[in-house]
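**Student:** The structure is given below, and queries will be raised subsequently.
The values are calculated or read from the model by the stated rules, or taken from the named source; none is laboratory data. Not measured: the values here are computed from a predicted model. All Cβ positions, glycine included, derive from the backbone under ideal geometry; neighbour counts span all protein chains shown.
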């Protein structure tokens, strides 16, 4: 996607009338014809007229701006919905925190407005996202069965089709590419000739990318295979230490204390609830913080959450885990 976007602007604005991916596969954008295109004497379809500046701008809008906005909205939804953990375990905690923020008399009007906007966005965006992908899927299926000349709804909106380039189109394409380089008459200004040379250089670079891209993909896959093979690990079974390190799962990120929760004691090995030091019968909660077993049991049984991070303990007291020092024989 990023490579296509970076090459789309010079490709559409120069001579190709297509995005980089479309030009790579020998496709071009044409205006939706109101009647069949005329045939030449060799019964080959005549080259279609080039896109107008307005059609190029609309194509760039849907090729670059729409995917960019969609990506940003997806990232925003991931942030306000809690991400993958919320999809797995539910968003009751997010709802509860938002309701507490709305009921907090110390929160500002702007903060409450932002909370309401997040709640509305979290409810509405899944419907918008389903409509977006559903419309693209419907157009793709209709295009597959020949029911529409547009494989996306965006092409329908801008009135353009994507067709395979004919021999006449290729001839016209290369003629337009070589035109600026050959037309260097004295009547042209230096600025105009510089623009023509720049356009010809960009077009030549895009043509070179059509050869360079497959080679780069092949080279990348070769490197990917090489570094995942036994050769890169020293061959045979001699890479035991490296394999064990590669399979080691990194620890999860530490959950930060919540401002509404119990503050952490200044000294280590101290129970945050009863301040006992050392911790009696240490017990860990799913949040990773350790308390006395009696303190943790009664607090979770009464409140159903971690006293430090304020996160819910969904399994109740059944999620408490005893912590044993090394060499004590615990499980």
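**Student:** Going by the structure shown, is residue 9 at pLDDT below 75, surrounded by fewer than 17 Cβ atoms within 10 Å (Cβ to Cβ) and assigned by TED's automatic domain parsing to the domain that holds residue 213?
**Tutor:** Spelling it out, residue 9 is indeed at pLDDT below 75, surrounded by fewer than 17 Cβ atoms within 10 Å (Cβ to Cβ) and assigned by TED's automatic domain parsing to the domain that holds residue 213.
**Student:** Just one of 146, 134, 82 is exposed (fewer than 11 other Cβ atoms within 10 Å of the Cβ) and at positive phi; which is it?
**Tutor:** 146
**Student:** Can you pull out every residue in the range 50-72 that is in contact with a strand residue (DSSP E or B) (Cβ under 7 Å, 6 or more places away or on another chain) and either assigned to a helix (DSSP H, G or I) or loosely packed, with under 11 Cβ neighbours inside 10 Å (or both)?
**Tutor:** Scanning the range 50-72 gives 55, 59.
**Student:** Then there's this: So residue 330 fits all but one of (1) touching a strand residue (DSSP E or B) at 6+ places or on another chain (Cβ under 8 Å); (2) farther than 21 Å from residue 82 by Cα; (3) modelled with pLDDT of 85 or more; what number is the exception?
**Tutor:** (3)
**Student:** I would also like to ask the following. If you check residue 177 against the conditions, is it more than 31 Å from the chain's Cα centre (by Cα) and either modelled with pLDDT of 70 or more or surrounded by 14 or more Cβ atoms within 10 Å (Cβ to Cβ) (or both)?
**Tutor:** In short, yes.
**Student:** Residues in the range 282-302: is at least one in a loop (DSSP other than H, G, I, E, B) and in contact (Cβ under 8 Å) with a residue 40 or more places away in the chain?
**Tutor:** Within the range 282-302, none of the residues are in a loop (DSSP other than H, G, I, E, B) and in contact (Cβ under 8 Å) with a residue 40 or more places away in the chain.
**Student:** Could you tell me whether residue 235 is surrounded by 10 or more Cβ atoms within 10 Å (Cβ to Cβ), at positive phi and modelled with pLDDT under 85?
**Tutor:** Judged against the criteria, residue 235 is a match.
**Student:** Another question about this same structure. All but one of (1) at pLDDT 80 or above; (2) surrounded by 10 or more Cβ atoms within 10 Å (Cβ to Cβ); (3) not in a loop (DSSP other than H, G, I, E, B) hold for residue 215, so report the exception by its number.
**Tutor:** Answer for residue 215: the failing condition is (2).
**Student:** Let me ask something additional. Return the residues of the range 158-174 that are exposed (fewer than 14 other Cβ atoms within 10 Å of the Cβ) and either in a loop (DSSP other than H, G, I, E, B) or modelled with pLDDT of 90 or more (or both); say none if nothing qualifies.
**Tutor:** Within the range 158-174, 159 is the sole residue that qualifies.
**Student:** Still on this structure, please answer the following. Just to be sure, is residue 77 exposed (fewer than 13 other Cβ atoms within 10 Å of the Cβ) and either modelled with pLDDT under 70 or outside any loop (DSSP other than H, G, I, E, B) (or both)?
**Tutor:** Considered against the rule, which asks whether it is exposed (fewer than 13 other Cβ atoms within 10 Å of the Cβ) and either modelled with pLDDT under 70 or outside any loop (DSSP other than H, G, I, E, B) (or both), residue 77 comes out as no.
**Student:** Right, another one. Quick one: residue 110 ticks every box in (1) modelled with pLDDT of 85 or more; (2) under 21 Å from residue 132 (Cβ atoms) bar one, so which box is it?
**Tutor:** (2)
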